[in-house]
1. Can you tell me which residue among 18, 34 is surrounded by 15 or more Cβ atoms within 10 Å (Cβ to Cβ), farther than 23 Å from residue 103 by Cβ and in contact with a Phe, Trp or Tyr (Cβ under 8 Å, 6 or more places away or on another chain)?
2. Output the number of the condition that residue 75 fails; it satisfies all remaining conditions of (1) touching a strand residue (DSSP E or B) at 6+ places or on another chain (Cβ under 9 Å); (2) outside the structural domain of residue 150 (by TED's automatic domain parsing); (3) farther than 23 Å from residue 128 by Cα; (4) not in a loop (DSSP other than H, G, I, E, B).
3. Would it be correct to say that residue 172 is among the β-branched types (Val, Ile, Thr), assigned to a strand (DSSP E or B) and surrounded by fewer than 20 Cβ atoms within 10 Å (Cβ to Cβ)?
4. Whether any residue in region 158-171 is over 23 Å from residue 89 (Cβ atoms), more than 19 Å from the chain's Cα centre (by Cα) and without any contact (Cβ under 8 Å) to a residue 40 or more places away in the chain is what I want to check.
5. Please give the number of the condition residue 166 fails out of (1) in a loop (DSSP other than H, G, I, E, B); (2) closer than 28 Å to residue 16 by Cβ; (3) in contact with an Asp or Glu (Cβ under 8 Å, 6 or more places away or on another chain).
6. Among the residues that make up region 94-112, is at least one of them more than 24 Å from residue 30 (Cβ to Cβ), in contact (Cβ under 8 Å) with a residue 40 or more places away in the chain, not hydrophobic (A, V, I, L, M, F, W, C) and not in a loop (DSSP other than H, G, I, E, B)?
7. Could you tell me whether any residue of region 105-119 is of a type in the set (S, T, N, Q) and closer than 20 Å to residue 143 by Cα?
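The values are calculated or read from the model by the stated rules, or taken from the named source; none is laboratory data. Only a predicted model underlies this, so the values are computations on that prediction, with no experimental measurement involved. Here Cβ is always computed from backbone atoms with ideal geometry, including for glycine, and neighbour counts include all displayed protein chains.
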Amino acid sequence: MYATPAAQPWLTELYDCAANQSATLRLTDSPSDAAIYIRIGEPNVLMTPAYQINTEEILIVTHRESPIQNLTLEEARMLFAGQGDSSARVWVYASDTDMQIVFDQLVMAGRSVSSSASLAVSPGQMSDVVNAESGAVGILPRHWIAGNVREVYSLGNVPILAIVKEEPQGIVKELISCLQN
């Protein structure tokens, strides 16, 4: 099994499903080695079966004390392109992560994120930074919201997908069915 950092909250459900089936799970550090790969949003290219197991709301958040208030789509796009509030410190993820792919599709729409944006390695780090720095602005799945953050824009709900290498059989099929229920 493999889950992206943003999709890790669904590992708990997967463990529960495995326990109910008396199955043992082995986590891998690569999606290509996994029988089930869990991620947020659709990949740019999908060549194998994928099953929606849930949805997750993706949010732009700031520290509670930030002067940035509710944003429109265009204001969010400008802020992350480096054309917004100069006091804001924008945080993003690596361009190949599921969270950044979703953000780029839904907000940036072909525009580039500012080269001065700071890079978070995980939603956990993004949450920590936004909670600690009053000027920080970042992107978080709703499951990762904690502490002193304020939601300033919702990208909407995106699918949580369980991607498999081939049509699921046996325990893999039972685990996906369990995740969907």
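1. Being surrounded by 15 or more Cβ atoms within 10 Å (Cβ to Cβ), farther than 23 Å from residue 103 by Cβ and in contact with a Phe, Trp or Tyr (Cβ under 8 Å, 6 or more places away or on another chain) holds for just one of 18, 34, which is 34.
2. In the conditions (1) touching a strand residue (DSSP E or B) at 6+ places or on another chain (Cβ under 9 Å); (2) outside the structural domain of residue 150 (by TED's automatic domain parsing); (3) farther than 23 Å from residue 128 by Cα; (4) not in a loop (DSSP other than H, G, I, E, B), residue 75 misses (2) alone.
3. Criteria not met by residue 172.
4. Yes, the conditions are met somewhere in region 158-171.
5. (3)
6. no
7. Looking through region 105-119, none of the residues is of a type in the set (S, T, N, Q) and closer than 20 Å to residue 143 by Cα.
Table: residues versus (1) crowded, with 20+ Cβ neighbours inside 10 Å; (2) not in a helix (DSSP H, G or I).
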{"position": "115", "(1), (2)": "no, yes"}
{"position": "127", "(1), (2)": "yes, no"}
{"position": "152", "(1), (2)": "no, yes"}
{"position": "178", "(1), (2)": "no, no"}
